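> Take this structure, written in structure tokens, and hold onto it; I'll ask about it next.
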Amino acid sequence: LAVLAGTSAATGPGIVVTVNDYSGSLPARALFSAIQELRSAGAEAVEIAGDGDQQVRVVASTYVVDDGSGVEIDGVHLDPPYRLTVIGEPQALTEAMNFPQGLVDTVADSGGRATVDQHDEVVVDAVRESNPAEYAVPAEGDAAD
């Protein structure tokens, strides 16, 4: 559960997708769509990094919006090139990025280039802080009691 919640690092087989947005015209929705496709293909952990030190762990509540020269992901500004590190079955994840009108095609249509590299092991080390529940409490008779 900690891996799914993004509160711990993870390692496993997967892919690294590098997105070079040369013209700066790649819309944030292209990255968001890529995240959705990766989830549908079985991604278990995803992080997105930009040019520099910034990286963001993708979780269920992640949002991606346009932000001037780059994108904002969960409140963090990222400049291209973008690097998505994804843990899951490498072939299935690669196919999710390469299907017609998928991320690779969308980036090419925007004047950029996206590459997908498969690896026996990748590391997703961006983590989220665990936020305690503010209102929720376990129900009576719950196994957690």
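> Starting from the range 37-52, keep only residues that are assigned to a loop (DSSP other than H, G, I, E, B), then list their pairs with residues that are surrounded by fewer than 16 Cβ atoms within 10 Å (Cβ to Cβ) whose Cβ atoms are within a distance under 6 Å, requiring at least 6 positions of separation or different chains.
Matching pairs, first to second residue: Ala41/Ala92; Gly42/Ala92.
> Here's another thing I want to ask about it. Taking the condition surrounded by fewer than 16 Cβ atoms within 10 Å (Cβ to Cβ) and touching a residue at least 40 places away in the same chain (Cβ under 8 Å), does Arg113 pass?
yes
> State whether one or more residues within the range 83-91 are surrounded by fewer than 16 Cβ atoms within 10 Å (Cβ to Cβ) and of a type in the set (Lys, Arg).
No, the conditions are met nowhere in the range 83-91.
> Mind telling me which of the residues Ala136, Ala96, Ala45 ends up being open to solvent by 70 Å² or more (accessible area, probe 1.4 Å) and not charged (D, E, K, R)?
Ala136
> Further question on the same structure: Could you tell me whether any residue of the range 100-107 is under 26 Å from Thr7 (Cβ atoms), open to solvent by 60 Å² or more (accessible area, probe 1.4 Å) and not charged (D, E, K, R)?
The answer is no; no qualifying residue exists.
> Mind checking which pairs have a first residue in the range 65-79 that is more than 12 Å from Pro27 (Cα to Cα) and a second that is among the charged types (D, E, K, R), Cβ under 7 Å, 6 or more apart or different chains?
His77/Asp67; Asp79/Asp51
> Picking from Asp79, Asp53, which residue would you name as being at pLDDT below 95, open to solvent by 80 Å² or more (accessible area, probe 1.4 Å) and charged (D, E, K, R)?
Just a single option satisfies the conditions, and that option is Asp53.
> Being open to solvent by 50 Å² or more (accessible area, probe 1.4 Å), under 27 Å from Asn131 (Cα atoms), not in a strand (DSSP E or B) and not aliphatic (A, V, I, L, M): is that true of Ser61 here?
Against the criterion (open to solvent by 50 Å² or more (accessible area, probe 1.4 Å), under 27 Å from Asn131 (Cα atoms), not in a strand (DSSP E or B) and not aliphatic (A, V, I, L, M)), Ser61 qualifies.
> Scan the range 1-36 for residues that are assigned to a strand (DSSP E or B), of a type in the set (Val, Ile, Thr) and open to solvent by less than 50 Å² (accessible area, probe 1.4 Å) and jot them down.
Ile15, Val16, Val17, Thr18, Val19
> Name the residues in the range 122-145 that are closer than 25 Å to Gln36 by Cβ and either modelled with pLDDT under 90 or part of a strand (DSSP E or B) (or both), would you?
Val122, Val123, Val124, Arg128, Glu129, Ser130, Asn131
The values are calculated or read from the model by the stated rules, or taken from the named source; none is laboratory data. Since this is a predicted model, take the numbers as computed values, not measurements. All Cβ positions, glycine included, derive from the backbone under ideal geometry; neighbour counts span all protein chains shown. Areas reflect the complete protein model, heavy atoms only, side chains present, ligands, DNA and RNA absent. Shrake-Rupley method; radii C 1.70, N 1.55, O 1.52, S 1.80 Å.
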